[in-house]
Structures are given as structure tokens and as C-alpha cells.
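J.: Handing you a structure now.
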Amino acid sequence: MKHYITAICLLAGSLLFTSCDKSSNGGKSDTSTPKFSIAIHGGAGALAKGSYTAEQEAAFKAKLEEATKLGYEMLSKGDSAADVVVAVIKILEDSPLFNAGKGSVITYNGKIKMDAAIMNGRTLDCGTVNNVQRIKNPITAARMVMDSSKYIMFSSAGAESFAAKNGIEMIDKSYFYTQHQIDRWRKTKDSTDASYIHYVDSMAALQSPIISALPEEGEFGTVGCVVMDKYGNLAAGTSTGGLINKKYNRVGDSPIIGAGTYANNKTCAISCTGTGEDFIKTVAAKTVSDLIEFKGMTLDAATYDMIHVRFKEITGDGGMIAVDKYGNISWQYNSDGMFRARTDQNGKIETYIYAE
């Protein structure tokens, strides 16, 4: 009888252990290769399909694919979500195709001032910089703030001083200027706040009659990246040149944690693009996370609610990319399109510009 009772206890213990093990893996006992996912964007507000030539579309998609492929390769090797976010965004910052890093838009007084942010979903650590002019890759400075400072946001000369002190690559301001953005600035620099009503950092501004040479000039948006790595950790990053012709050192949503950038392992990672003021007013990225955590919404339902319901109430403009704690990817935008790409552990890269 004693041996019988002992056997039952051992069996019960084994079942309990198995149950706990399944619970720690989302209720599954799958021992296959861990999932990972990555999505990137290059700005929302693209013009209607057909506005770009085949060559222009190919250039956009090639750069998006290059960045996504690097992210996939790094994730396959087991690199961390934060490392991947930085590496991917650096590619987009180095490209003149987007309003981030080289090719950023120009302020009303002829300067280029950039913002960037990154957030680690595992620890909720984050770092941001804004209105910087000499940091070659602002996302690297944001990462340094996150990893090597007790603070979260550094601005202007202070951010540059911190970056230089910590070995971040600095470069002459002239590096960031492109003829494309100089020509655009000359067309808009004399506009008034009343006539230039679009505060977007993306393509929607081109629908204003103030900018006449379309679509040859084009306009390219904020860049961002969201990642879930093999270890189930999330990270998000965003980088931008801000608003063309902006004044008074205006700062948009990109470097504001919870507005344009957010990551939390409990829920999701988000990067936004569009009218920064709208994302700030609605605390858009954090709101999506809260809808998942406190209302039990799926990622798709939460991002849809934010962009197509809440933004509609305030006539908001823009889009967002997101990945949740299960590796699901969602993107939403209320413009004609959004430069975007994604892949998962299967390695199939998808790139899009318009509503497809």
C-alpha cells in the first residue's frame, strides 16, 4: 500500500512539472526552433499607386529588403532584439531615400536636426536624443543613452557632447544634406504656419499644393524597426529628421517614449510615423500596449483601433508597425500607403509601398 501511494505521488509530481513547463511556453510543449520576427517602416503617407516610377519603387523596396535581410540574419544567429533594431535603422539612416540621418528634411532656418529613440521590452530601459546635428547615426546615440546613462532623453548640444564622449561617430553637418531636400526646403521655407498645415514627417505633406514638383521630388518618411528575438524579447526603435521647415526646435513623437516608440515584453513593440503631434496627443504607442494588456485585444485589433478609430476622432494622420510577444506582426496606416517590410524565422521577406 505504501509503495502504491508513493507511485501516485511521483506521478502527480511529474504531471505538475509538465503542466508548469507548458505554461511557461504559452501552454505549448513545442521544442522547435524559437520564433523571431522583424518589421520595418520608412514612413506613412505614400502617394497613390502609380505615383512613383518602376525604378523609384524598386529603389525603395531594395533598401527595405536590404535592411530586413540584415535583421533576419542577425536574429537567426541569436542576436538580441536591441542589437538588431540599431543595425537595421543604421542602414535606413545611411540611405538618402528616407527622412532620417542622411537625407533628413531641413528646418526653417536651413539646418538639419534629427531625433531617435530605442526601447528594450525586457527591461523597459530606453534612450532618446533630439535635435542633434552631428551624430552620424542618431539611433546609436539613443542606444548609448539607454545603456550607459541613468537618464532617458538628451537634447541638442548636450546629446552630442554625451555621444562624442562615449565614442559615437560624429560627422560634419554637411554630410546630411541632399540636393533633393535642399530643393524642397527652398520651395517651403517662405510658407507660413497657417498655409503649411501639414505637420507630417512623411509623404502626406506632398499632397499640399505648396510643393509643386510631384512626384519627381518625392518625400520620404521617418524610419522604424520592431523586433522579437529568439529569446522572446521585444525592442523598438525610431529615427527621423522631423518636420520640413519646422521652427523653434520642434520635437515630434519619434523620441517620445510611449508616443512614437514603445516596447514591453508583456505586450508588444511599436514604431510610429506620421503627424507627430497626433501620436503625442493620444500617447499612441503606449495606448496600443494598454489595449492589449488591459482590454485583452489582439495586436491587429489594438493597432486598428488606434489608427482607424481613435485617430479618426482627432483627424489624425499616420501609421505604425508592431510585433507582439508571440511574434505576430501588424501594421496599420490611414494614408495611401506606407513604406514597409517584414519577415519571420522562415526568411521570406515581404516589401510594400501601397495598400496591398
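J.: Restricting to the stretch 251-266, name every residue that is part of a loop (DSSP other than H, G, I, E, B), touching a Gly at 6+ places or on another chain (Cβ under 7 Å), buried (at least 22 other Cβ atoms within 10 Å of the Cβ) and in contact (Cβ under 8 Å) with a residue 40 or more places away in the chain.
T.: GLY252, SER254, GLY260, ASN264
J.: What is the one condition in (1) buried (at least 23 other Cβ atoms within 10 Å of the Cβ); (2) under 26 Å from GLY327 (Cβ atoms); (3) small (Gly, Ala, Ser) that SER104 does not satisfy?
T.: (2)
J.: May I pose another question? I need the full set of residues from the stretch 74-108 which are under 19 Å from LYS61 (Cα atoms), acidic (Asp, Glu) and touching a helix residue (DSSP H, G or I) at 6+ places or on another chain (Cβ under 7 Å), in order please.
T.: Once the filter is applied, which keeps residues that are under 19 Å from LYS61 (Cα atoms), acidic (Asp, Glu) and touching a helix residue (DSSP H, G or I) at 6+ places or on another chain (Cβ under 7 Å), the stretch 74-108 yields only GLU93.
One line per residue, one yes/no per condition, for (1) part of a helix (DSSP H, G or I); (2) under 16 Å from the mean Cα position of the chain (by Cα):
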| residue | (1), (2) |
| --- | --- |
| ILE38 | no, yes |
| GLY50 | no, no |
| GLU55 | yes, no |
| VAL85 | yes, yes |
| ILE89 | yes, yes |
| LEU92 | yes, yes |
| PHE98 | no, yes |
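J.: In addition: Checking the condition in contact (Cβ under 8 Å) with a residue 40 or more places away in the chain, assigned to a loop (DSSP other than H, G, I, E, B) and in the same structural domain as ASP336 (by TED's automatic domain parsing), which residue from TYR231, TYR248 passes?
T.: TYR231
J.: I've got another one for you. From ASP290, ASP190, ASP201, ASP278, grab the single residue that is surrounded by fewer than 24 Cβ atoms within 10 Å (Cβ to Cβ), modelled with pLDDT under 95 and acidic (Asp, Glu).
T.: ASP190
J.: Taking the condition modelled with pLDDT of 90 or more and either in a loop (DSSP other than H, G, I, E, B) or of a type in the set (S, T, N, Q) (or both), does ILE211 pass?
T.: no
J.: Sort through ASP253, ASP317 and tell me the only one that's among the charged types (D, E, K, R) and farther than 20 Å from TYR352 by Cβ.
T.: It is ASP253.
J.: So, one more: For the stretch 308-328, which residues satisfy the criterion of being buried (at least 17 other Cβ atoms within 10 Å of the Cβ) and touching a helix residue (DSSP H, G or I) at 6+ places or on another chain (Cβ under 8 Å)?
T.: Matches in the stretch 308-328: ARG310, PHE311, GLY316, ASP317, GLY318, GLY319, MET320, ALA322, VAL323, ASP324.
J.: I need every pair where a residue in the stretch 182-197 that is of a type outside the set (A, V, I, L, M, F, W, C) and part of a loop (DSSP other than H, G, I, E, B) has its Cβ under 8 Å from the Cβ of a residue that is surrounded by fewer than 15 Cβ atoms within 10 Å (Cβ to Cβ) and at pLDDT 85 or above, sequence separation at least 6 or different chains.
T.: Once the first residue is of a type outside the set (A, V, I, L, M, F, W, C) and part of a loop (DSSP other than H, G, I, E, B) and sits in the stretch 182-197, its partners that are surrounded by fewer than 15 Cβ atoms within 10 Å (Cβ to Cβ) and at pLDDT 85 or above give LYS189/GLY110; ASP193/LYS247.
J.: So, LYS295, is that one under 18 Å from SER254 (Cα atoms), out of contact with any Lys or Arg (no Cβ under 9 Å at 6 or more places or on another chain) and surrounded by fewer than 22 Cβ atoms within 10 Å (Cβ to Cβ) or not? Please lay out each step first, then the result.
T.: On the way: under 18 Å from SER254 (Cα atoms): no; out of contact with any Lys or Arg (no Cβ under 9 Å at 6 or more places or on another chain): yes; surrounded by fewer than 22 Cβ atoms within 10 Å (Cβ to Cβ): yes.
Criteria not met by LYS295.
The values are calculated or read from the model by the stated rules, or taken from the named source; none is laboratory data. Remember, it's a predicted structure, so these values are computed and weren't measured experimentally. Virtual Cβ from ideal backbone geometry, glycine too; neighbours counted across all protein chains shown.
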